[in-house]
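Peer 1: Got a structure here, written out as structure tokens. Questions coming.
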Amino acid sequence: MNVEELLRWWRNLWRRPAAPDATDPGATGTRGPGAGTTGVESDDAAHREPPRRRYTAPPTDDDPQREARLGAVLEALRSGALRRDELGARVGAADWGPGRLDAVVAHGVASGVLAETDGGAVKARYSD
């Protein structure tokens with residue numbers, strides 16, 4: 001090793017590894033393990049920020065609007081079992097939006113406070 005090669009090696013010691021030059025006969029174009037690595041990551045890799053995380057909230061089980069509507073349904077069923085169309089008219093479900101009454105009744109049945117009769121009517125499970 002002569003002085004010029006030693007100086008070139010010393011200057012390149014702390015530089016980032018460049019992409020292989022196409023004119024270099026020893027360059028293969030691919031880098032495998034141990035091919036020109038010093039065991040120390042480059043500055044870009046060491047200071048790269050991690051990707052942003054995307055957080056999504058789990059579905060809420062305690063929707064206050066649904067619970068209020070379920071309370072209205074229970075209040076309407078105080079007098080006894082009602083068919084869904086009668087129940088919807090009594091609680092004003094037309095203002096709730098399409099399918100909301102069915103969703104509230106399904107939630108009430110799933111939570112155990114409502115029950116459906118054989119005829120398709122809805123009744124409060126625990127009525128006085």
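The values are calculated or read from the model by the stated rules, or taken from the named source; none is laboratory data. Keep in mind that what you see is a predicted model, and the values were worked out from it rather than measured. So basically every Cβ, Gly included, is an ideal-geometry build from the backbone, and we count neighbours across all protein chains shown.
Peer 1: Those residues that are closer than 18 Å to residue 68 by Cα, small (Gly, Ala, Ser) and exposed (fewer than 15 other Cβ atoms within 10 Å of the Cβ), I need them from region 80-102; list them, please.
Peer 2: Those that are closer than 18 Å to residue 68 by Cα, small (Gly, Ala, Ser) and exposed (fewer than 15 other Cβ atoms within 10 Å of the Cβ): 89, 92, 94, 97, 99.
Peer 1: For residue 58, are the conditions met, namely being in a loop (DSSP other than H, G, I, E, B), at pLDDT below 75 and out of contact with any helix residue (DSSP H, G or I) (no Cβ under 8 Å at 6 or more places or on another chain)?
Peer 2: Spelling it out, residue 58 is indeed in a loop (DSSP other than H, G, I, E, B), at pLDDT below 75 and out of contact with any helix residue (DSSP H, G or I) (no Cβ under 8 Å at 6 or more places or on another chain).
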